[in-house]
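Inspection log for the structure reproduced underneath, given as structure tokens.
Please treat every number below as a calculation from the coordinates, not as lab data. Note that this is a predicted model, so its numbers are computed, not measured. Glycine gets a Cβ as well: all are built from the backbone with ideal geometry, and neighbour counts include every protein chain shown.
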């Protein structure tokens, strides 16, 4: 990447040794943010440099191009903050040329306003790092040996990742991004859950964006399948979006996964932050799978990033008149030679080269065991939900049971996290969301 060599920030070998170990504004007894599992054994110099990068990453208006140009000019993050804190430093920072054009001072990577912001950040470095530490964030920089190798291989990777949870989740043996629309259909959510569970059984970590709809279904199913999932968010950790997924985010971390952002903790989401995070979603994965995407869906931006990054891209097709499939079908038509069709779950596993890694017989076995635990009545209603019966009237008609019996069974399923009811319609949740409809159909027929 720009401004970083194999051994760290560009500069003479060992140049950091002559620099102060402490970041300007950081007391000697202040916590060293990010000095946890991924960076065990880091030297004081390495910790100081990591902290400097974290402070710079929190500067509003300093993007990856400007960050890279400053690193190229000054050799390290600590040196940049030293300059910013010195008399006349902001003015000198603002003369940083763009790119490699050292002679052309009319083209600059850092304007006066950003230079002043860097100077202000240098003065508040201790407060900034204490905030990150209080939130439990780990800092991983592109100069760290623990920086995710897949992400390091893309063009202009993030200089800094703020990670809540286990950073090692970002370096899984196999990793697949599973994304789609926020306005998912029940069938789309169910398919996302089945795909996630099947990929977990093949040893994959699931990467997605923590959004409602397809993303949430993928994360939830991964957790219920006892897999590892990584959520890349389009905000800072303290401004988590959507707020409705706060509990899901906590479950991701508790199950050994991670919540990742390139944005400082208090940065609020905007329309521009989500396309930025999409390149990280695809960059952390070997392949990206899009389940449902209407026209102009953000999931298609992730698919485009995957192709641009040289990663595999798979699209689930759908009915030609279904709005949720419009973007998927258009993408397959436009990138016919690059994007591939998901022809079925076993076929996807095979296309990904993961067939030999499957360790579980399939998600239907897990779902069946779950339904046995809730009893025959709730089990029957659960199978009908998997088959798409969504209302009480539909469930009464197919079972022939009284309304009270159907409602009691639905209540049992909801208490066990196996069903969710919204505006009078019910759909499978938890491990039941990953159930195979074909298996449910056979079992339901056997009980009629």
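Computed from label points 7 Å out along Cα-Cβ, the spacing between residue 376 and residue 336 is 5.5 nm. Annotation: peptides 428-434, 114-120, 241-247, ranked by per-residue average of other Cβ atoms within 10 Å with the highest first, follow the order 428-434, 114-120, 241-247. Listed from fewest to most Cβ neighbours within 10 Å, the set 253, 78 follows the order 253, 78.
With a cut-off of 8 Å between alpha carbons and a minimum separation of six or more residues, what is the relative contact order of the range 165-357 in percent? Computed value for the range 165-357: 22 percent relative contact order.
The fraction of Cα-Cα pairs per 10 angstrom bin, counted from 0 for the range 165-357, comes to 10, 42, 38, 10, 0 percent, rounded to whole percents.
Across all Cα atoms of the range 178-250, the radius of gyration (one decimal) and Dmax (whole number) stand at 11.5, 34 Å.
Based on the Kirkwood radius over alpha-carbon pairs, what is the Stokes-Einstein translational diffusion coefficient of the range 370-436 at 20 °C with 1.002 mPa s viscosity, in µm²/s?
D = 189 µm²/s.
On full extension of the chain, what length is gained from residue 422 through residue 271, given 0.36 nm per residue of separation minus the C-alpha to C-alpha distance?
Gain in length upon complete extension: 51.6 nm.
This ranking places 356, 133 by how few other beta-carbon atoms lie within 10 Å of each, fewest first, which gives 356, 133.
For residue 403 and residue 91, the FRET efficiency from 1/(1 + (r/R0)^6), where r spans their Cβ atoms and R0 equals 60 Å, is about 0.20. Ranked for footprinting exposure by Cβ neighbours inside 10 Å, fewest first, 331, 274 give 274, 331.
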